[in-house]
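Trainee: Sharing a structure with you now.
The values are calculated or read from the model by the stated rules, or taken from the named source; none is laboratory data. Note that this is a predicted model, so its numbers are computed, not measured. Here the Cβ positions follow ideal geometry from the backbone for every residue, glycine too, while neighbour counts run over all protein chains shown.
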Amino acid sequence: MSNRLKNATSPYLLQHADNPVDWWEWGEEALRAAREQQRPILLSIGYSACHWCHVMAHESFEDKATAALMNEHFINIKVDREERPDLDQIYQSAHQLLARRPGGWPLTVFLTPDDQLPFFAGTYFPPAPRHGLPAFRDLLRQIAAAWRAQPDAIREQNQALLDALNPPEAPTAHELPDDDRPLQQARAALAQQFDERHGGFGKAPKFPHPSYLSRLLRDAAGNAREMALRSLEAMADGGMNDQLGGGFFRYSTDERWEIPHFEKMLYDNGPLLALYAEAWRITGEPSFERGARRTAAWVMREMQTGQGGYASSLDADSEGIEGRFYTWTPKAVEALLDPSEYRIAAAHWGLDQAPNFEGRWHLRVARPLSEVARQAGLSPSDVERHLESAREKLFVARERRVRPARDDKVLTAWNGLMITGMARAGRILGDPRLLDSAEHALDHVHERLWNGQRLLATSKDDQARLNAYLDDHAFLLEGLLEYLQCRWRMKDLTLARALAEILLTHFEDREHGGFFFTSDDHEPLIQRPKPFDDNALPSGNGVAALALQRLGLLLGEPRYLEAAARCLRAASAMIARAPWACCALLDALDEQRRPGRLMVLRGRAQDCAPWLQRFDADARPGDLRFVIPADEPGLPPALAAKQAVEGAPVTAWLCEAGSCRPPVTRLEGLASPP
């Protein structure tokens, strides 16, 4: 028997549609029922690829006795944190205040019925007492009894929590220094966290932290780039990277990057794709190019939907077992390969060593190919040929297995991150297939997620819904600007300008600066966050500031530059306190202090190609270059003024430090930067 979730669009909610729990979706109908019945709300937040969400669902939400307790005492609301990051942010913050420790998923929060304020919060709860956690059924009884016995005390506690969530905001007393101290402090802090042996930052579990790596790649001082490149190299060689199919898993459970948590998230892979392409541009190291190409191939093959948008994630589990799709036994591998291939594959991927994941083998680089070649007495080219043959055979065999489920909802924010990654990698690698992929995703946004006036947050099965958040606007704006540097389309520039105007009109805090996570016409919630720090995703404020600066330079629009500057001033206290936690904002600050060059070419794309090659040869962070047809109508005034010189196949306008040089029509006139 299905519950109310049977009509949901979220694959995560649909996973719970046949639970005996009387689930509601978040919305006025559920909140009204809680008020009228004066029953507390049991809010459960998770996502479709979450392993422990599946565990708690199997143990508790599919159990009739547990469901009976939930239905008797609570209004039970299930939320997909990917569709409702606003709710997830608020109640994760509340969990940290109540439990005095970081949250996670599944998030389990009990709310008062009148005002949705949390009075108890936790994450996963087992069916029987374990590891210091109470049994979930016992907890349900205790919470219900506490609500009946002391509702006034609970409401008093809630007021204190509400005050903590919404402190009175005053203009910051901090001033951003006019030197590079924040950048230097961030570099020093990341160096302290850096794992010199294994790469990456901190101990297990170890996350990829793309924002850290992006900041360090931009920073040419000290050992910044070495930290980033070492981390990218280690991740590519480890089990964090799918050695057969490409793409990166969510995080490593150990400090060596060997055994991942096996879900694959779109939002990790978009920034990592751009980083590997950029690392190859800087170093020319083939392993970085392979990392970028294999990640892009995985995205195009497995994550791009038939309608063009990118799906959200792949599950960690298949056949009910985490990692089953990806792991092997030596016997199974040996049966698929010829002896010479197996000898190389076993040595390279560690199949001749002890099992490393629950009695099975998860592939990672156990020995570099140079060592394998030396031990086998073969040339490097022969070893590479055997390994590639083995990779292809194992990949074909793996494709016949039961695949992990794909969450195929299209999230605007995450698509913005992947559009940026695809466009940047396609430009650096010179691969039009990646640009085609980014274009298909942008077309999906134009057709299904943009209604001509406002942006929507998610689409699935031809249904687009939910007000878009700060991240949706900021990440998509960045993606549009990255794609426009590869292929010029007026509709993309028009959308970029519309998104910038929405950010200023509906998201900006005009009194104190910065951007709220939700728009001014969003559903009222117990908090309106304005986050400045990076988490798994880069800070929406940081990306908005960077993108507005770039669009402001392109269009000569001071309002965008001023909004970006206000955002950086508003974040100054956070930057001063923990600069390493604000890498996206530091990128914007760096570019504000040292704007890149802007080159606008007027002419046909094929005629402009040598000019782009010359410009890109001296590329530095923040450089922007656009090719606009000479006869493009409807350009904004600042771009329309950069006209093509009559009779010249290409006219180049080069701008630096806020001023533009006279137009150049000969390639020799495009001088290198000082």
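Trainee: Yes or no: segment 252-265 includes at least one residue that is under 20 Å from Leu429 (Cα atoms) and buried (at least 24 other Cβ atoms within 10 Å of the Cβ). Spell out how you get there, then give the answer.
Mentor: Filtering segment 252-265 down to residues under 20 Å from Leu429 (Cα atoms) leaves none.
Looking for residues that are under 20 Å from Leu429 (Cα atoms) and buried (at least 24 other Cβ atoms within 10 Å of the Cβ), one finds none in segment 252-265, hence no.
Trainee: Within segment 273-307, how many residues turn out to be in a helix (DSSP H, G or I), among the small types (Gly, Ala, Ser) and either closer than 19 Å to Glu226 by Cα or touching a Pro at 6+ places or on another chain (Cβ under 6 Å) (or both)? Please lay out each step first, then the result.
Mentor: Taking segment 273-307 and keeping what is in a helix (DSSP H, G or I), we get 273-283, 286-303.
Checking the rest, the ones that are also among the small types (Gly, Ala, Ser) come to 274, 277, 279, 287, 291-292, 296-297.
Filter once more, keeping what is either closer than 19 Å to Glu226 by Cα or touching a Pro at 6+ places or on another chain (Cβ under 6 Å) (or both): 274, 277, 279, 287, 291-292.
Going through segment 273-307 one residue at a time, the tally reaches 6.
Trainee: Only one of Ala354, Ala390 is of a type in the set (A, V, I, L, M, F, W, C), assigned to a loop (DSSP other than H, G, I, E, B), within 18 Å of Glu334 (Cβ to Cβ) and more than 29 Å from the chain's Cα centre (by Cα). Can you tell me which? Explain how you work it out, then say what you get.
Mentor: Numbers: Ala390 fails: assigned to a loop (DSSP other than H, G, I, E, B).
After ruling out the rest, the residue left standing is Ala354.
Trainee: Okay, moving on. In this structure, is Asp88 surrounded by 23 or more Cβ atoms within 10 Å (Cβ to Cβ), under 19 Å from Ala536 (Cβ atoms) and either in contact with a strand residue (DSSP E or B) (Cβ under 6 Å, 6 or more places away or on another chain) or touching a residue at least 40 places away in the same chain (Cβ under 8 Å) (or both)? Give the steps one after another, and end with the answer.
Mentor: On the way: surrounded by 23 or more Cβ atoms within 10 Å (Cβ to Cβ): no; under 19 Å from Ala536 (Cβ atoms): yes; either in contact with a strand residue (DSSP E or B) (Cβ under 6 Å, 6 or more places away or on another chain) or touching a residue at least 40 places away in the same chain (Cβ under 8 Å) (or both): yes.
No, not satisfied.
Trainee: A further question follows. Show the residue pairs that are 6+ apart or on different chains and have beta-carbon atoms under 6 Å apart, the first residue being within segment 487-516 and among the small types (Gly, Ala, Ser), the second being surrounded by fewer than 23 Cβ atoms within 10 Å (Cβ to Cβ).
Mentor: The qualifying pairs are Gly513/Arg566; Gly513/Arg569; Gly514/Lys530.
Trainee: Within segment 122-172, track down each residue that is assigned to a loop (DSSP other than H, G, I, E, B), of a type in the set (S, T, N, Q) and closer than 22 Å to Ile75 by Cβ.
Mentor: Quick first cut of segment 122-172, residues assigned to a loop (DSSP other than H, G, I, E, B) only: 123-129, 131-132, 134-135, 150, 166-172.
Now narrow it down to the ones that are of a type in the set (S, T, N, Q): 123, 150, 166, 172.
Correct list: Thr123, Gln150.
Trainee: Consider Gly320 carefully, then state whether it is modelled with pLDDT under 95, in contact with a His (Cβ under 9 Å, 6 or more places away or on another chain) and in the same structural domain as Tyr267 (by TED's automatic domain parsing).
Mentor: Working: modelled with pLDDT under 95: yes; in contact with a His (Cβ under 9 Å, 6 or more places away or on another chain): yes; in the same structural domain as Tyr267 (by TED's automatic domain parsing): yes.
Yes; evaluated as a whole, the condition is true for this residue.
Trainee: Quick check on my filter: what residues within segment 237-272 are outside any strand (DSSP E or B), of a type in the set (Gly, Ala, Ser) and under 19 Å from His362 (Cα atoms)?
Mentor: Gly238, Gly239, Gly245, Gly246, Gly247
Trainee: Let me ask something else. I'd like to check something: does segment 371-381 contain any residue that is touching a residue at least 60 places away in the same chain (Cβ under 8 Å) and either hydrophobic (A, V, I, L, M, F, W, C) or part of a helix (DSSP H, G or I) (or both)? First the steps, then the outcome.
Mentor: First pass over segment 371-381, keeping only residues touching a residue at least 60 places away in the same chain (Cβ under 8 Å): none.
No, the conditions are met nowhere in segment 371-381.
Trainee: Could you please let me know if Gly634 is at positive phi, modelled with pLDDT of 95 or more and part of a loop (DSSP other than H, G, I, E, B)? Working first, answer last.
Mentor: Numbers: at positive phi: yes; modelled with pLDDT of 95 or more: yes; part of a loop (DSSP other than H, G, I, E, B): yes.
It is true that Gly634 is at positive phi, modelled with pLDDT of 95 or more and part of a loop (DSSP other than H, G, I, E, B).
Every residue, every condition in (1) touching a residue at least 60 places away in the same chain (Cβ under 8 Å); (2) of a type in the set (A, V, I, L, M, F, W, C), yes or no:
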| residue | (1), (2) |
| --- | --- |
| Asp534 | yes, no |
| Ala545 | no, yes |
| Leu554 | yes, yes |
| Met574 | no, yes |
| Gln592 | no, no |
| Gly596 | no, no |
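Trainee: Shifting gears a bit: Out of all the residues in segment 337-346, which are of a type in the set (A, V, I, L, M) and either within 16 Å of Gly239 (Cβ to Cβ) or surrounded by fewer than 22 Cβ atoms within 10 Å (Cβ to Cβ) (or both)? Before you say what the answer is, go through the steps one by one.
Mentor: Step one: filter segment 337-346 for residues of a type in the set (A, V, I, L, M), giving 337, 344-346.
Hits for segment 337-346 are Leu337, Ala345, Ala346.
Trainee: Just checking, which of Leu216, Leu266, Leu232 is over 21 Å from Ala296 (Cα atoms) and aliphatic (A, V, I, L, M)? Before the answer, list the steps.
Mentor: Details: Leu266 fails: over 21 Å from Ala296 (Cα atoms); Leu232 fails: over 21 Å from Ala296 (Cα atoms).
The match here is Leu216.
Trainee: Shifting gears a bit: Please work out which residue is surrounded by the fewest Cβ atoms within 10 Å (Cβ to Cβ), limiting yourself to segment 421-455 and to residues that are more than 18 Å from the chain's Cα centre (by Cα) and small (Gly, Ala, Ser).
Mentor: Gly452
Trainee: Where residues in segment 267-284 are touching a residue at least 12 places away in the same chain (Cβ under 8 Å) and surrounded by fewer than 17 Cβ atoms within 10 Å (Cβ to Cβ), which of them is farthest from the chain's Cα centre (by Cα)? Step through it out loud before you land on a result.
Mentor: Kept after step one, since they are touching a residue at least 12 places away in the same chain (Cβ under 8 Å), are these residues of segment 267-284: 267-283.
Restricting the remaining residues to those that are surrounded by fewer than 17 Cβ atoms within 10 Å (Cβ to Cβ) gives 282-283.
Numbers: Ile282: 23, Thr283: 25 Å.
So, considering only residues that are touching a residue at least 12 places away in the same chain (Cβ under 8 Å) and surrounded by fewer than 17 Cβ atoms within 10 Å (Cβ to Cβ), the one farthest from the chain's Cα centre (by Cα) is Thr283.
Trainee: Give me the residue from segment 91-121 that is in a helix (DSSP H, G or I) and of a type in the set (A, V, I, L, M, F, W, C) and, out of that set, surrounded by the most Cβ atoms within 10 Å (Cβ to Cβ).
Mentor: Narrowing segment 91-121 to residues in a helix (DSSP H, G or I): 91-99.
Imposing the further condition that a residue be of a type in the set (A, V, I, L, M, F, W, C) reduces the set to 94, 97-99.
Details: Ala94: 25, Leu97: 13, Leu98: 20, Ala99: 13.
It comes out as Ala94.
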